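Trainee: Starting off with a structure, shown below.
The values are calculated or read from the model by the stated rules, or taken from the named source; none is laboratory data. Since the model is a prediction, treat every value here as computed from it, not as a measurement. FYI the Cβ positions are ideal-geometry reconstructions off the backbone, even for glycines, and counts take in every protein chain you see. For accessibility, only protein heavy atoms count, side chains too; no ligands or nucleic acids. Shrake-Rupley method; radii C 1.70, N 1.55, O 1.52, S 1.80 Å.
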Amino acid sequence: MNELVLKIENLTKTYKLGKRDVQPLIDLNLEVRRGEFTAIMGPSGSGKTTLLNLIGCLDKPTSGSVLIDNIDIARLPESQLYKIRRDKIGFIFQNFNLLPYLNARENVELAMELAGKFKGQRKQRALELLATVGLSEREQHRPQRLSQGEQQRVAIARALANDPAIILADEPTGNLDKNSKQEIVKLLANLNQKQGATIIMVTHDEHIAASAERILFLSDGKIQEKQA
Amino acid sequence: MGILTRATRNIARRKTRALLVIVALSLALAMIVSIPPSITASQEATQKTIDNLTTAAKIVASTVNMAATQMDCNLPLTLRTDAGPYHNETTFERPLMNITEYSNLTYVQHVTYVVPVLEQRAYDWPYTVYGVPLDDATLLSSYPILLPANITAGRNLQAGDSGVVVLHERIANHFGVAVGETVNIFGRDFEVVGIEGQEALNTTYATMSLSDAQAITNTTGQASTFIVFADSVDNVYAVKEQIVGAYPKLTVTIAQTLLNQVYQMQRQTNEQLQQAHETMNQIESTGIVEMGIITIADSAIILFIMLYTVRERTKEIGTLKALGASNTTILGQFMLEGVLLSLIAGIVGIVIGIFGATSLANILLPQPITQTGIGITTSGSGTWGGSGSLTAASISVTITPELMLFGLGFSVLLGALGSLYPAWRAARIRPAEAMRYE
Ligand SMILES: Nc1ncnc2c1ncn2[C@@H]1O[C@H](COP(=O)(O)OP(=O)(O)OP(=O)(O)O)[C@@H](O)[C@H]1O
Ligand SMILES: [Mg+2]
């Protein structure tokens with residue numbers, strides 16, 4: 001059995017909305033091993049994005065602990081958190097979030113530049129990653145000249161750039177047409193199988209979720225494992 | 001593809017906005033680089049005026065004061081009746097005074113010189129013999145007004161002269177003599193050394209040494225007038241009072257008009273000096289206030305444009321943070337954009353300044369004042385001084401390399417100042433919220 005890359009214990013997140021509290025996550029527990037491809041499903045508003053944001057250090061838990069590679073990120077200050085985001089996490093968003101003024105290669109390089117990698121090294125790896133996602137030809141194109149599926153593939157290349165411990169994908173196929181959906185899911189499954197990438201993917205789509213080896217349901221603030 | 005590239009591309013991406021901001025900022029920065037040299041140029045122009053005024057005031061003081069400190073002391077005119085060829089003729093006559101009797105005049109306080117002169121009319125043709133003491137070189141150089149003023153031929157009288165005469169041109173014409181020739185006056189021959197030209201107010205004098213004049217008119221030891229000089233225009237009245245007190249019979253005539261004029265000129269000069277100094281201070285304070293306003297307005301423009309940019313790019317900031325950008329990186333990115341924008345405007349502003357600094361200076365600052373001219377007129381009866389009027393002058397300004405550097409530095413500073421708060425806001429954006437922002 002592979003080692004644990006993520007261990008969540010008694011995680012609670014409470015949002016204050018005026019006088020009312022919204023509590024999407026209550027005493028949630030979850031373990032993910034290195035190399036696992038996990039899909040998280042659940043009704044709208046059940047707290048899926050909230051969970052990914054907490055794992056990705058974009059938000060702070062109200063209570064409980066989140067251990068990534070045995071580091072409890074719940075207790076880290078912002079001055080340390082950005083390094084976790086940079087070195088341990090790769091994000092894939094529903095609407096790609098590429099920087100419009102950078103071309104495909106530069107968008108991939110950006111993640112490495114923030115990590116302080118040298119220019120030659122950066123470019124080399126960016127080209128390799130674009131080849132991996134099948135976009136060698138599109139290196140110089142800015143996002144607006146790429147199709148949505150292509151944009152998401154650039155985003156995937158970007159997420160892989162710093163060799164993260166976990167790839168977090170929040171509805172990566174949510175904005176794509178049927179064909180692109182299939183391509184992206186195939187690409188993610190491939191990365192998992194061939195390169196051993198650890199992926200946690202949120203989706204509404206059962207067919208998409210089916211390509212993951214493990215499917216979780218989030219409801220009432222807790223995780224339920226779907227038994228195969 | 002570093003932070004600088006990102007900043008440049010972001011500016012280039014919003015061309016119209018960048019252009020508008022750069023136009024506004026560059027005009028302001030052109031003013032910023034034009035104001036300091038304009039202040040210097042204006043102040044230099046004004047300082048020159050002040051220097052001119054001061055020099056003019058000094059010249060006026062020496063020449064006009066000389067005439068204005070002069071007073072004539074005479075005995076009152078008396079009537080004299082003589083038998084003429086057809087009837088008795090009555091004339092006014094100036095009684096003569098024995099010089100030694102008035103020796104105490106020299107001791108009157110504030111008196112610098114007492115100069116006895118002799119005026120005797122010739123009856124064969126109406127001209128006047130005028131005797132001036134020529135034995136004191138210092139006196140003559142301090143008070144040149146004692147001698148004829150308008151020599152048109154030959155030379156003037158000088159210390160030590162004797163047996164020579166300077167003739168008014170009408171007398172020379174009457175006798176038909178020229179410089180170097182001899183003329184007979186009151187039965188004695190004199191060499192004509194100079195001719196005095198006709199002027200509006202001068203009298204037809206044959207001017208010679210006092211002792212010669214006394215000798216030919218048999219009036220040795222006597223004078224018709226004591227010319228007394230006070231040490232300053234302010235003491236003229238005091239001197240007059242003392243003389244009248246000591247010699248009640250004497251009539252003391254002061255150069256009243258001239259005195260008034262000197263007083264007025266002193267007042268005027270002081271006013272003009274004050275005005276020039278005020279202008280100088282005003283130029284500086286206006287310039288400083290304007291630079292302050294422009295600085296504030298400039299940073300405000302950058303502040304608002306960068307606040308808008310940060311708001312507009314909230315999602316991008318969220319993405320950058322998700323990718324692992326530190327708060328410092330975000331802060332740096334947005335400050336760099338503000339500084340870059342301001343720097344471009346600074347360069348454009350300097351170019352505008354190079355061509356338009358002079359026009360800008362004339363629009364922005366009070367005009368420095370210069371003097372139109374100072375005039376001193378010398379006439380037979382004295383020296384008249386008058387200072388010209390003060391007028392506004394335009395200046396010309398050039399932008400030096402130092403000023404260009406200053407302009408660039410200033411625009412960087414403005415950019416940093418204006419974008420500090422927006423960049424700080426950007427750095428503080430919470431990533432989870434930024435990702436939800438649409
Ligand atoms: N910043 C916030 N402030 C207040 N409430 C919030 C905030 N973020 C999320 N919520 C609330 O928390 C709950 C969970 O939201 P979340 O976005 O995690 O749901 P989700 O499962 O991702 O939904 P969807 O499938 O629609 O994306 C929702 O009720 C949402 O309104
Ligand atoms: Mg969601």
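Trainee: Which residue pairs have Cβ atoms closer than 7 Å, lie 6 or more positions apart in sequence or on different chains, and pair a first residue in the stretch A:12-35 that is away from chain B (no Cβ under 14 Å) and at positive phi with a second residue that is away from ligand 2 (no atom under 16 Å from the Cβ) and of a type outside the set (A, V, I, L, M, F, W, C)?
Mentor: A:Asp27/A:Asn10; A:Asp27/A:Thr12; A:Gly35/A:Asn2; A:Gly35/A:Gly196; A:Gly35/A:Thr198
Trainee: Would you mind finding the one in A:Ala155, A:Ala212 that is buried (at least 24 other Cβ atoms within 10 Å of the Cβ), more than 16 Å from ligand 2 (Cβ to nearest atom) and more than 26 Å from A:Val22 (Cβ to Cβ)?
Mentor: The match here is A:Ala155.
Trainee: Still on this model: Among (1) under 30 Å from B:Ile352 (Cβ atoms); (2) small (Gly, Ala, Ser); (3) open to solvent by 40 Å² or more (accessible area, probe 1.4 Å), which single condition is B:Ser38 missing?
Mentor: Answer for B:Ser38: the failing condition is (3).
Trainee: Ok, one more. Please list, ordered by first then second residue, the pairs with beta carbon atoms under 6 Å, 6 or more apart or interchain, first in the stretch B:168-190 and farther than 16 Å from B:Ser209 by Cα and in the same structural domain as B:Leu147 (by TED's automatic domain parsing), second aromatic (Phe, Trp, Tyr) and surrounded by 14 or more Cβ atoms within 10 Å (Cβ to Cβ).
Mentor: B:Ile171/B:Tyr127
Residues checked against (1) within 16 Å of ligand 2 (Cβ to nearest atom); (2) among the aromatic types (Phe, Trp, Tyr):
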position: A:Ile26; (1), (2): no, no
position: A:Asn29; (1), (2): no, no
position: A:Val32; (1), (2): no, no
position: A:Gly42; (1), (2): yes, no
position: A:Gly47; (1), (2): yes, no
position: A:Thr50; (1), (2): yes, no
position: A:Ile68; (1), (2): no, no
position: A:Phe93; (1), (2): yes, yes
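Trainee: When you check B:Val108 against the structure, is it of a type in the set (Val, Ile, Thr) and closer than 11 Å to B:Thr225 by Cβ, yes or no?
Mentor: no
Trainee: Can I ask one more? Taking the conditions exactly as written (open to solvent by less than 30 Å² (accessible area, probe 1.4 Å), outside the structural domain of B:Ile185 (by TED's automatic domain parsing), closer than 27 Å to B:Glu271 by Cα and in contact (Cβ under 8 Å) with a residue 60 or more places away in the chain), does B:Leu53 satisfy them or not?
Mentor: Yes; evaluated as a whole, the condition is true for this residue.
Trainee: Against the conditions (1) within 16 Å of ligand 1 (Cβ to nearest atom); (2) more than 14 Å from chain B (Cβ to nearest Cβ), where does A:Glu183 fall short? Just the number, please.
Mentor: Unmet for A:Glu183, out of (1) within 16 Å of ligand 1 (Cβ to nearest atom); (2) more than 14 Å from chain B (Cβ to nearest Cβ): (1).
Trainee: Moving on to the next point. Could you tell me which residue of the stretch A:55-73 is nearest to B:Tyr437 (Cα to Cα), considering only residues that are of a type outside the set (Val, Ile, Thr) and more than 10 Å from chain B (Cβ to nearest Cβ)?
Mentor: A:Pro61
Trainee: Please find, among B:Thr128, B:Thr100, B:Thr152, the residue that is outside any helix (DSSP H, G or I), open to solvent by 80 Å² or more (accessible area, probe 1.4 Å) and among the β-branched types (Val, Ile, Thr).
Mentor: None of the other options fit; the residue is B:Thr152.
Trainee: In this structure, does A:Gln94 turn out to be within 13 Å of chain B (Cβ to nearest Cβ) and over 21 Å from B:Arg9 (Cα atoms)?
Mentor: Taking the combined requirement at face value, the residue satisfies it.
Trainee: Any chance you could count how many residues in the stretch B:204-218 are of a type outside the set (Val, Ile, Thr) and in a helix (DSSP H, G or I)?
Mentor: 6
Trainee: Still on this structure, I have one more. When the stretch A:207-228 is examined, which residues are found to be in contact (Cβ under 8 Å) with a residue 12 or more places away in the chain and within 16 Å of ligand 1 (Cβ to nearest atom)?
Mentor: A:Ile208, A:Ala209, A:Ile215, A:Leu216, A:Phe217, A:Leu218, A:Ser219, A:Asp220, A:Gly221, A:Lys222, A:Ile223
Trainee: Would you call B:Val310 assigned to a helix (DSSP H, G or I), more than 20 Å from B:Leu27 (Cβ to Cβ), at pLDDT 90 or above and more than 14 Å from chain A (Cβ to nearest Cβ)?
Mentor: Answer is yes for this residue.
Trainee: State whether one or more residues within the stretch B:264-275 are open to solvent by 20 Å² or more (accessible area, probe 1.4 Å), touching a helix residue (DSSP H, G or I) at 6+ places or on another chain (Cβ under 7 Å) and more than 25 Å from B:Asn52 (Cα to Cα).
Mentor: Within the stretch B:264-275 (the criterion being open to solvent by 20 Å² or more (accessible area, probe 1.4 Å), touching a helix residue (DSSP H, G or I) at 6+ places or on another chain (Cβ under 7 Å) and more than 25 Å from B:Asn52 (Cα to Cα)), the answer is no, since none of the residues qualifies.
Trainee: A further question on this structure: Could you grab me the full set of residues in the stretch A:105-120 that are more than 10 Å from chain B (Cβ to nearest Cβ) and more than 25 Å from A:Leu81 (Cα to Cα)?
Mentor: The one that is more than 10 Å from chain B (Cβ to nearest Cβ) and more than 25 Å from A:Leu81 (Cα to Cα): A:Gly120.
Trainee: Listed residues A:Leu52, A:Leu76, A:Leu4; which is away from every other protein chain (no Cβ under 14 Å), among the hydrophobic types (A, V, I, L, M, F, W, C) and either surrounded by 13 or more Cβ atoms within 10 Å (Cβ to Cβ) or away from ligand 1 (no atom under 16 Å from the Cβ) (or both)?
Mentor: A:Leu4
Trainee: Among the residues of the stretch A:165-176 satisfying the criterion of being crowded, with 22+ Cβ neighbours inside 10 Å and not hydrophobic (A, V, I, L, M, F, W, C), which is nearest to ligand 1 (Cβ to nearest atom)?
Mentor: A:Asp170
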